[in-house]
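Step one of this worksheet: look at the structure below.
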Amino acid sequence: MLDILSITFPIFAVIAIGYGAVRVGVFQPADMKPLGKFVLDIALPALLFTAVATRPASEILNWGYLAAYAGGGLATIAVMLIWLRLTGVGPARRAIGAMGASCPNSGFVGYPVMLLLFPDLAGVVLALNFLAENVLLIPLNLLLLEMSRDRASKSVPKLIGALMLALLKRPMVIGLALGFAVSLSGVAVPDTALRLLDILAGAAIAVSLFVIGGSLVGLPMQGNRMLAGQIALGKLVLHPALTFAALAALPMIGLSLTPQMATALILSAAMPMFGIFTVIAQDYGHEGLASLAMLATTASAFITLTVLIAWLV
């Protein structure tokens, strides 16, 4: 167990340091935004580019992993929507619940965990997770949120087009696309460029975890605590369980994963929800609910991830 804690404790200790630094006033809550922007727009794009550009495209496009990850995410969305509808939850809060349960924080929390467990695979896992999330899971959840508004004024094709255009402009998507282009071309990235990108990517780990902790300070804590607990349970228990079921079903379609990639798949699904969850919910008037769910999920993940790593690794 001490070996497992040596993996999870440093991750959540840095989150706690970020929370404490903002709480006591060393940093201000507003300081987290530029730090987070650096990670999202500079460090993680550099990491994604390097992870993809330095490997054959066939190694990155692991169809078994993508199928299981997408299958687990889609099943989680479906179960959350059905359950919350049966319990009388309104359309916008159902969509927020589905998003919170199905969209993990692969960059800020997942990558540091993978780097400690599987350093040679961490970049590939991040690229695969990011591909599935940004091509399928996040756009679908955003579409559900938009459709929870006045449906008569919404054109689904136009909404999908606008969402995909916005995603294509994100630096991490651009970094991933450029990495694939270099990988497919067979051109080797110069060593000098790789060293520069490694320096930028190396800053992602500590800064991202620090930002997660600091961003928890000052979140609005007024909301439906029961629903927030259900979202947290959906993220930390339902999502990895359904992803495990998707993994078990892979042989039915002629696909399989190595033991390390299978472990990385389940752990990726067990991460807390992505960092901009509360920002997205704010646009729909439910930032309090999202904040409660994120706080509960992030705090509980230390226990659930420790138990899951002890079981899987």
Quiz prompt | Selected residue [at pLDDT 85 or above, closer than 18 Å to Asn134 by Cα, in contact with a Ser or Thr (Cβ under 7 Å, 6 or more places away or on another chain) and not basic (Lys, Arg)] from Ala270, Ala290 | solution = Ala270
Exercise. Taking the options Phe118, Phe130, Phe108, name whichever one is under 24 Å from Leu159 (Cβ atoms) and not aliphatic (A, V, I, L, M).
Key: Phe130
Quiz item: If you go through the range 152-160 one residue at a time, do you hit one that is touching a residue at least 12 places away in the same chain (Cβ under 8 Å) and within 27 Å of Phe210 (Cβ to Cβ)?
Solution: no
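Yes/no per residue for (1) at pLDDT 90 or above; (2) surrounded by 14 or more Cβ atoms within 10 Å (Cβ to Cβ):
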| site | (1), (2) |
| --- | --- |
| Ala21 | yes, yes |
| Val26 | yes, no |
| Lys37 | no, no |
| Leu40 | no, yes |
Exercise. Determine whether Val211 is of a type outside the set (Gly, Ala, Ser) and either at pLDDT below 90 or more than 21 Å from Ala98 (Cβ to Cβ) (or both).
Key: yes
Quiz prompt | the range 164-179 residues that are closer than 12 Å to Ala51 by Cβ and at pLDDT below 85, paired with ones that are surrounded by 14 or more Cβ atoms within 10 Å (Cβ to Cβ) and of a type in the set (Val, Ile, Thr) (beta carbon under 7 Å, 6 or more apart) | solution = none
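Taking Leu178 as the residue in question, decide whether it is touching a helix residue (DSSP H, G or I) at 6+ places or on another chain (Cβ under 6 Å) and surrounded by fewer than 16 Cβ atoms within 10 Å (Cβ to Cβ).
Numbers: touching a helix residue (DSSP H, G or I) at 6+ places or on another chain (Cβ under 6 Å): yes; surrounded by fewer than 16 Cβ atoms within 10 Å (Cβ to Cβ): yes.
Criteria met by Leu178.
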Exercise. Consider only pairs whose beta carbons are under 9 Å apart and that are at least six residues apart or on different chains; among these, list those whose first residue lies in the range 284-303 and is farther than 14 Å from Val109 by Cα and of a type in the set (D, E, K, R) and whose second residue is at pLDDT 90 or above and surrounded by fewer than 20 Cβ atoms within 10 Å (Cβ to Cβ).
Key: none
Quiz item: In the list Val39, Val14, Val52, which residue meets the criterion of being touching a residue at least 40 places away in the same chain (Cβ under 8 Å) and within 17 Å of the chain's Cα centre (by Cα)?
Solution: Val39
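The values are calculated or read from the model by the stated rules, or taken from the named source; none is laboratory data. Here the structure is a predicted model, which is why all the values come from computation and not from measurement. Heads up, the Cβs are rebuilt from the backbone with ideal geometry, glycines too, and the neighbour counts pull from every protein chain shown.
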